[in-house]
Structures are given as structure tokens and as C-alpha cells.
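Everything on this sheet refers to the single structure shown next.
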Amino acid sequence: MNMRKPVIAGNWKMYKLLSEAVDTALELKPLVANANHCEIVIAPVFTALNAVAKRLEGSNIKVAAQNCATQNEFGAYTGEVAPVMLKDAGCSYAIIGHSERRQFYGESDEAVNKKTKVTLAVGMTAIVCVGEHLNERESGNAENVVKTQLLGGLSGLTVGDLERIIIAYEPVWAIGTGKTATPEQAQEMHAFIRSVLAETHGADTSNATRILYGGSVKPDNIATLMSQPDVDGALVGGASLEAESFSKIVNYR
């Protein structure tokens, strides 16, 4: 029996000025107020985190950071934001290793591993992203790529640590391209990820870990994705920027 509570997370990426972020959060609040079937998370830009978190206090919507530093101690790390600061600003989650971080900012599996550990250290939940590029899928290498990212990103983490980790599978070829992995492709990779977790952390942990799908998730494809046995939610990009479309995804059933 699957007791995993679904998670619908909206990654706002580098969009929305402060007032727009607050307005969208406030507009979203009543639209999803009755959604008890899933956890709801939104990830605004750093500058809007605290204002959004304050407006959502007492609601069923939690706030995530889109990234974090590899360190938690204060220090001379210009331009970085530590998880302890993100928690202080009102975050409960951090998205780590998003494909855009890997692709544009050279983020390695080792950095993902460090960021995951420091996020967990302050009591936040880590949403750890993995996924392959189109050429890797076409050359039949998708599973190897994802397994390498998983093993590297989760290295040294205990069974207890995994209780506060959510995996997000995002095929890079489906992000912002309008291409979506078919529900069958998503299910196949999610089942594979679960099998890797069973090898590394045991069957109980693997069965309890939530695995989200990310990549052109929209109101019209969320229900079929969610009907797959190993898909436990979604990491939504563009469709999370408007309260109405994101609320339709949240209220997929």
C-alpha cells in the first residue's frame, strides 16, 4: 500500500518582482485551501522568500528556496545564502541540483551532496533533482546518468536522512520545451530510481521516498502522470507562475 503523501511544488525560477510574487501567493492561497491530499510548495526567488513566507503563515502552502550554499557557517562567501538563513527567512524546503544549476552554473554531484547535507542539518527538507539530457536518453544512457547523479548526490546520507529527502526526476529534454516524458517513460524512470534507493538504503526507505516528476507539467497532463504507481507528485515550472494554472495542478483529483 502506497502511503506516500504527494507533493506538488512550483519552481518560479527567475521570475516575479517582490509585489508580483506576493500577489501570486495571495491569489493561490484560497484556490488550494481545501487541498489536503498533497503537500503544496512554492519556490520564489531569494528576494521574495521572506515576504511570501510571511503572507503564507498558517496556510497549507510551504516555501522553498531554489538553491542554497554548500556551507552553513557564516563566513566570507560573497553572493551565497546558507540554509540556516533560508530557514530563518521562512523556508521549509530547498531545491538542490536543478538541471539549470547543473547546466548553466556547473553544479556537480559533489556540490549537490554538500548542499543536501547542510539543508538537512537545519531541519529543512531537500528536493534533490536528477535527470538526463536528450543525447543521453537517445544513446540509451539515461539510467546510468541518473544512477550516477543519485549515488553522488546521496553519498554518505543515512536512512534517517532519506526521510527528509524528496527526489525530483526531471528529464532535461522536457524542461521548458513543451515535450513531456510520457507517463510510461516517467513511471519507468521513477521505478528505476526506487530500485537504486532500495540498493543503497533498503526497500523500506525506497518505498517511503517520494519521487516527483518535473518537465512541462501542466493542468492537462498532471492526472495521467499522477496515476502512475511511482510518481508521487510534480516539480512544476512555467505552469506554476500563474495561481490559477498551478491550483489546477494541485487539485488534480
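Quick notes on this structure:
- Every residue from the stretch 56-82 that is among the polar types (S, T, N, Q) and within 16 Å of the chain's Cα centre (by Cα): Q66, N67
- Filtered residue count, the stretch 52-83, keeping only those that are acidic (D, E) and closer than 17 Å to T116 by Cα: 2
- So A208, is it out of contact with any Cys (no Cβ under 6 Å at 6 or more places or on another chain) and under 23 Å from K117 (Cα atoms): yes
- Number of the condition not met by D230 [criteria: (1) under 21 Å from E132 (Cα atoms); (2) of a type outside the set (V, I, T); (3) part of a loop (DSSP other than H, G, I, E, B); (4) out of contact with any strand residue (DSSP E or B) (no Cβ under 7 Å at 6 or more places or on another chain)]: (4)
- Test: residue in the stretch 44-55 that is in a strand (DSSP E or B) and either over 19 Å from the mean Cα position of the chain (by Cα) or within 18 Å of I249 (Cβ to Cβ) (or both): no
- Residue count for the stretch 10-28 satisfying the condition of being surrounded by fewer than 18 Cβ atoms within 10 Å (Cβ to Cβ) and either part of a helix (DSSP H, G or I) or more than 19 Å from the chain's Cα centre (by Cα) (or both): 7.
- Qualifying residue in the stretch 92-101 (condition: surrounded by fewer than 20 Cβ atoms within 10 Å (Cβ to Cβ) and on the phi > 0 side of the Ramachandran plot): no
- Residue count for the stretch 240-251, restricted to those that are touching a residue at least 60 places away in the same chain (Cβ under 8 Å) and either touching a strand residue (DSSP E or B) at 6+ places or on another chain (Cβ under 8 Å) or not small (G, A, S) (or both): 8
- Within the stretch 59-97, tally of residues that are among the hydrophobic types (A, V, I, L, M, F, W, C), without any contact (Cβ under 8 Å) to a residue 40 or more places away in the chain and more than 18 Å from G10 (Cβ to Cβ): 6
- Candidate set from the stretch 198-218 (those that are free of Cβ contacts under 8 Å to residues at least 24 places away in the same chain and among the aliphatic types (A, V, I, L, M)); member that is farthest from L154 (Cα to Cα): A203
- Condition check for M85 on (1) in a loop (DSSP other than H, G, I, E, B); (2) more than 18 Å from the chain's Cα centre (by Cα): one failure, at (1).
- Tallying residues that are out of contact with any helix residue (DSSP H, G or I) (no Cβ under 7 Å at 6 or more places or on another chain) and not basic (K, R) within the stretch 106-120 yields 3.
- Matching entry among G90, G75, G79, G106 (being touching a strand residue (DSSP E or B) at 6+ places or on another chain (Cβ under 9 Å) and either of a type in the set (G, A, S) or closer than 23 Å to T24 by Cα (or both)): G90
- Among the residues here, G79 qualifies as surrounded by fewer than 13 Cβ atoms within 10 Å (Cβ to Cβ), at pLDDT 95 or above and small (G, A, S).
The values are calculated or read from the model by the stated rules, or taken from the named source; none is laboratory data. Remember, it's a predicted structure, so these values are computed and weren't measured experimentally. Cβ atoms come from the backbone with ideal geometry, glycine included; neighbour counts cover every protein chain shown.
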